[in-house]
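A short worksheet on the structure shown next.
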Amino acid sequence: MYSSVDTIWVLLGAALVFFMQPGFCILEAGLTRAKNAGNIVMKNLMDFCLGTIVFWLIGFGIMQGTDIGGIIGAPDFLIGGDYGAEGGYPSWAFVIFQTVFCATAATIVSGAMAERTKFSSYCIYSVIISAIIYPISGHWIWGGGWLSQLGFHDFAGSTAVHMVGGVAAFLGALFLGPRIGKYDKDGNSKAIPGHNLTLAALGVFILWFAWF
């Protein structure tokens, strides 16, 4: 019923995308002050831990379930349907593949709001984007929604994942404003001490490896 090659290919792709999670984590830890490194690492971890739970509970069905009016998928609590047969791989291989993309979209935001977001508040954001925001926009593109019906095609997630995370990051940064000490009284940018650029470079390398 399933193709071993297709299944391995999907899981290999999921593993590579998963490596973007530690890549963002290391990059953001290197670009924040040492005293806040633990906080940013935990936020990235919560994107995957909390995000996976709510994505499996309700988000995946909203994204990949039967289309309702081109806007949303039919909810599928705890993913009871079979979503992989047409592709030649088990349903849960596809679920894992989509889960790591959801975590990637969520974790893009943590760096934009670094050093000025409460941990509890960030966890609430992570749950909302993983359960509602990313699944709905993902349904429009990858789940048979209205953009897909118009012929829109996103091969690797530039819109479905990175633009969604980028827009959320921009709005979060706009709402919170700059980090304390980032600008002087005249509005000129200032270097904030305490960054570890070697660590940040390692994060960039991991992201490059995972993406390309």
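Structure notes:
- Between 0 and 90 degrees, the angle of helix 119-128 with respect to the longest Cα principal axis of the chain falls at about 30 degrees.
- With respect to the chain, whose longest principal axis is taken over its alpha-carbon atoms, helix 91-112 is tilted by about 20°.
- Packing here is the average count of other Cβ atoms within 10 Å per residue, and on that basis the peptides 164-172, 24-32, 128-136, 195-203, highest first, run 24-32, 128-136, 164-172, 195-203.
- Sorting the segments 57-64, 112-119, 145-152 by their residues' average number of neighbouring beta-carbon atoms within 10 angstrom, most packed first, yields 57-64, 112-119, 145-152.
- Candidate lysines - alpha carbon under 18 Å from residue 118, same-chain residues fewer than 8 apart omitted: 35, 43
- Estimated purely from DSSP H runs of n ≥ 4, each contributing -39500 (n - 2.57), the mean residue ellipticity at 222 nm for the chain is -18000 deg cm²/dmol once divided by its residues.
- Here's the list of aspartates and glutamates a cross-link from residue 190 could span, going by alpha-carbon distance under 20 Å and ignoring same-chain residues fewer than 8 apart: 28, 115.
- Area accessible to solvent at residue 6, 1.4 Å probe radius, in Å²: 60
- The angle between the Cα long axis of helix 164-176 and the longest principal axis of the Cα atoms of the chain comes to about 30 degrees, rounded to the nearest 10.
- Protein accessible area in the stretch 1-143, 1.4 Å probe - carbon and sulfur %: 76
- Against the empirical curve 2.2 N^0.38 Å, the C-alpha radius of gyration of the stretch 95-193 lands at a ratio of 1.28.
The values are calculated or read from the model by the stated rules, or taken from the named source; none is laboratory data. In this text, all values refer to a predicted model and were calculated from it rather than measured experimentally. Every residue, glycine as well, gets a Cβ built from its backbone with ideal geometry; the counts of neighbours run over all protein chains shown. In case anyone asks, the SASA skips ligands and DNA or RNA and just uses the protein heavy atoms, side chains included. Shrake-Rupley method; radii C 1.70, N 1.55, O 1.52, S 1.80 Å.
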